[in-house]
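> Below you will find the structure I want to go over with you.
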Amino acid sequence: MRRRVVWIVAGVAALVVGAAVVDSLVRMQTEDRIASEVTAIPGIETEPGVTIGGFPFLTQLAAGSLQRVRLTAPTATVEGLLLEDVVVELTGVLTEEPYTASDATMTARTTADAVEEVLTVELDLEVRDDVLVATTDVLGLPLDVVLLPQAAGRDVQVDVTGFRLAGLGVSADALPADLMATLQGLRFSLDGLPVGMTLTEVEVADGALSLRAEGADLDLATVALP
């Protein structure tokens, strides 16, 4: 009797292990498929890293919806802006047409140098003490223009919050009119984000600009999950 019980337990254990192996293999195959076909990260030159969350995976497929899908890319370019450390988190990913994600969040970082490249005016930008600063000269004296980048739909709006001339705070009235005209309405576009996603946060910290975009019912393009 004991031997029979042992064989039954061993058989059940083998089935469980086998099921787990199959679950893992199908998960990896699906991750590879998503990496080659999905377009949730715009402007990437190589396939993204893909991780599907939730266990077991096969029951998610059977239900027609994946709980969580995480996509990563070291760099991406959106409307000429170089983004780094790009992460897209998807939830509620449908495994049949129309292949959408119910919610999506993208985070990325960009540098002051990258922002310089997409502005319509020439400014020397740097991040200094977690503040975005543009530097120029006025009457031979160094002028720091303190800037505040903010999310504005699918654009980043850059507002001027202060001036320091030769290290001293000055008012806008004391500066040349042509300089002030140049600084009005600074913004750059991220319209190349996936349809349905908009910027929700722009933060200057740790020597860079951190961006966050969110959306719903994100179209995952041509991906067809097994």
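> In the range 157-186, which residue that is of a type in the set (D, E, K, R) and either crowded, with 16+ Cβ neighbours inside 10 Å or over 23 Å from Leu83 (Cα atoms) (or both) is modelled with the highest pLDDT?
Arg164
> List every residue pair whose Cβ atoms sit under 7 Å apart, with the two residues 6 or more apart in sequence or on different chains, where the first one lies in the range 159-183 and is in the same structural domain as Thr136 (by TED's automatic domain parsing) and the second, anywhere, is part of a helix (DSSP H, G or I) and surrounded by 15 or more Cβ atoms within 10 Å (Cβ to Cβ).
So the pair list comes out as Val160/Leu183.
> Sticking with this one: For the range 46-66, state whether one or more residues are small (Gly, Ala, Ser), in contact with a helix residue (DSSP H, G or I) (Cβ under 8 Å, 6 or more places away or on another chain), surrounded by fewer than 21 Cβ atoms within 10 Å (Cβ to Cβ) and not assigned by TED's automatic domain parsing to the domain that holds Leu148.
So in the range 46-66, the residues small (Gly, Ala, Ser) come out as 49, 53-54, 62-65.
Then drop every residue that is not in contact with a helix residue (DSSP H, G or I) (Cβ under 8 Å, 6 or more places away or on another chain), which leaves 49, 54.
After this cut, where a residue has to be surrounded by fewer than 21 Cβ atoms within 10 Å (Cβ to Cβ) as well, the list is 49, 54.
Add one more test, that the residue is not assigned by TED's automatic domain parsing to the domain that holds Leu148, and what stays is 49, 54.
Yes.
> Can you name the residue in the range 112-125 that is outside any helix (DSSP H, G or I) and surrounded by 18 or more Cβ atoms within 10 Å (Cβ to Cβ) and is also modelled with the highest pLDDT among such residues?
Per the stated criteria, the residue is Leu125.
> Still on this structure, I have one more. Residue check: is Leu209 part of a strand (DSSP E or B) and touching a helix residue (DSSP H, G or I) at 6+ places or on another chain (Cβ under 8 Å)?
Criteria met by Leu209.
> For the range 21-62: of the residues being polar (S, T, N, Q) and modelled with pLDDT of 80 or more, which is farthest from Leu82 (Cα to Cα)? Before the answer, list the steps.
Filtering the range 21-62 down to residues polar (S, T, N, Q) leaves 24, 29-30, 36, 39, 46, 51, 59-60.
Next, only the ones that are modelled with pLDDT of 80 or more stay: 46, 51, 59-60.
Details: Thr46: 14, Thr51: 24, Thr59: 38, Gln60: 35 Å.
Selected residue: Thr59.
> Determine, yes or no, whether Leu94 is at pLDDT 90 or above, surrounded by 15 or more Cβ atoms within 10 Å (Cβ to Cβ) and among the hydrophobic types (A, V, I, L, M, F, W, C).
Against the criterion (at pLDDT 90 or above, surrounded by 15 or more Cβ atoms within 10 Å (Cβ to Cβ) and among the hydrophobic types (A, V, I, L, M, F, W, C)), Leu94 does not qualify.
> Further question: If you scan the range 137-165, which residues turn out to be within 15 Å of Glu126 (Cβ to Cβ) and among the basic types (Lys, Arg)?
Arg164
The values are calculated or read from the model by the stated rules, or taken from the named source; none is laboratory data. A quick note: this is a predicted structure, and the numbers were derived from the prediction, not measured. Note that each Cβ is placed from the backbone with ideal geometry, even for glycine, and that neighbours are counted across all protein chains shown.
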